[in-house]
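To start, the structure itself, in structure tokens.
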Amino acid sequence: MDIWHIRGGRRLEGIYRVQGSKNASLPILAASILGGAEIELENVPQLRDIDAALRILRHLGCKAEQKNNLVYIKSNDLTRSSIPHELMLEMRSSVIFMGALLARCGEARLSPPGGCRLGKRPIDLHLAALRKLGAEIEERGGDIHCRAKRLRGTEIRLPFPSVGATENILLAATAAEGETVIRGAAREPEIEALAAYLQKAGCRIAGAGTDTVTIGEYRPADYVRHRVLADRIAASTVACAAAAAGGEVELRGAESAHFSTVLHFLKRAGCDIISENTCVRLRSDGCLNAVGRVRTEPYPGFPTDAQPVLMAALLKARGCTEITETIFENRFRQVPELKRLGADIRLCDRSAVIRGVGRLTGAALEATDLRGGAAMIVAGLAAEGETLVRDTGHIRRGYEAFDRCLRDLGADVRLGIEP
């Protein structure tokens, strides 16, 4: 059990070098099994989810090692096409191995993925797309068995721009005969990042980052070296922390365009922000204004992963903010915990109305999920006294050395471990 000790009231000052992206790293790790190449990945964050993905790779027979932020993988000796239930349960992104295994082995055996409990997150779109490519899929007793003697390129229309489904199609389509076209594809930067890796690995891909992506011929490379892009959600979290606590921070490494919607609302809240490609400077006096209405949407809209931390930043903002969550029906799990600090939040269906309060007071909280836990830390930085966040490990799934990063900016944050 992790125990986060946060004592509020200190301004954040300094430079934050944004960690590598968790959500970009995980599909690339799955893609590493496609051609049996020797792979070196740079800027991979040291996280619990990354550890889980590396364990899956080793279970499959790959050599997979991480040293600091460098990952080395060699998958020519892949020996298995199945992933045990206990490994699947560790993270949501484990489902991405389905498309990669189907492409490499012609079959994949796994169970539905785990991760944060944010409500229903069915993989129906993944399965329907793989069937369109020619896979036979049997679901029995909670297990999924995919088989394909031959995959054939086709046109796939996604009714919703699912990031995971788009990634699984990209991976499986590398083994398909002919051309595959995804219409209604997800447009997130992490999709572009996966496509960039696959291009280096020998796949012809066009249109990544738009709603129409074309996957063509794949000629596996023998060696791939690739650098993972910076994490836009980690950058958003630190920006929200500085906005709430007050101070002046410089975020280095992340593309400002990738989290421009978050910066937009922080600017409306009263922060001074200067954006220069991969450098963002934010200054806040800690006295914020409400921002009206916020609605989470697929990229390039406001990201659902940044919703809890923006909410935390606005708990003391003058006025009223309404946040509507359209992606996950259970993404307000942090609300009861934030109210323990004195926040005034009213839930109505899939919206939360936040009325700014004059002060927040430290309390003992329970982290509900990855981003909800980060939101509690952000709120604790703006609260009076000490806030304790008990966490079963959610936060370390997505933030690398988060306690040290915040201390480097002047925060009074300490991470303890309880048996």
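Computed from the coordinates by the stated procedures, all read-outs in this text should not be read as laboratory data. No experiment lies behind these values; they were computed from the predicted model shown. A quick note on method: Cβ atoms are made from the backbone with ideal geometry, for glycine too, and the neighbour counts reach across all protein chains shown.
Stokes-Einstein diffusion coefficient for segment 149-252 at 20 °C in a medium of 1.002 mPa s, Rh from the Kirkwood formula over Cα pairs: what value in µm²/s? Provide the component values of the computation, followed by the final result.
Working: Rh = 15.3 Å.
Using the Kirkwood radius from Cα pairs, D works out to 140 µm²/s.
Once both labels are positioned 7 Å from their Cα atoms along Cα-to-Cβ, the gap between Val357 and Glu386 label points is 2.1 nm. Note on segment 158-201 and segment 252-329: Cα centroid distance 28 Å, given to the nearest whole angstrom. Normalised by the number of residues in segment 276-419, the mean separation of alpha-carbon contacts (under 8 Å, six or more apart) gives a relative contact order of 19 percent.
Multiplying the residue separation of Asp349 and Asn68 by 0.36 nm and removing their Cα-Cα distance gives an extension gain of 96.8 nm. Each of Glu138 and Thr154 was given a label point 7 Å from its Cα along the Cα-to-Cβ line. The distance between the two points is 2.0 nm. Legend: translational diffusion of the chain by Stokes-Einstein, Rh = Kirkwood radius over C-alpha pairs, 10 °C, 1.306 mPa s; D = 73 µm²/s. Annotation for segment 17-73 versus segment 382-419: alpha-carbon center distance of 25 Å.
One decimal place: the segment Arg131-His5 gains 40.5 nm when fully extended, by the rule 0.36 nm per residue minus the C-alpha distance. Computed over all pairs of different Cα atoms, the Kirkwood value for the hydrodynamic radius of segment 22-227 is 16.5 Å. Extending 7 Å from Cα along the Cβ direction at Leu89 and again at Arg17 yields two label points whose distance is 3.8 nm.
Its relative contact order, with pairs defined as Cα atoms under 8 Å and 6+ residues apart, puts the chain at 21 percent. Determine the alpha carbon to alpha carbon distance for each of Lys22/Lys63; Lys67/Lys132; Lys22/Lys339; Lys74/Lys149 and list only those over 32 Å. Exceeds cut-off: Lys67/Lys132.
Once the Cα-Cα distance is subtracted from the 0.36 nm per residue extended length, the Glu276 to Arg318 segment shows a gain of 12.2 nm. For the pair Tyr223 and Arg58, a Förster radius of 25 Å applied to the C-beta separation gives a FRET efficiency near 0.80, rounded to the nearest 0.05.
Taking amide H atoms as placed 1.01 Å from N in the peptide plane, the amide H of Phe302 lies under 5 Å from those of Glu297, each 5 or more residues away in sequence or on another chain.
For the pair Glu418 and Asp51, a Förster radius of 22 Å applied to the C-beta separation gives a FRET efficiency near 0.60, rounded to the nearest 0.05.
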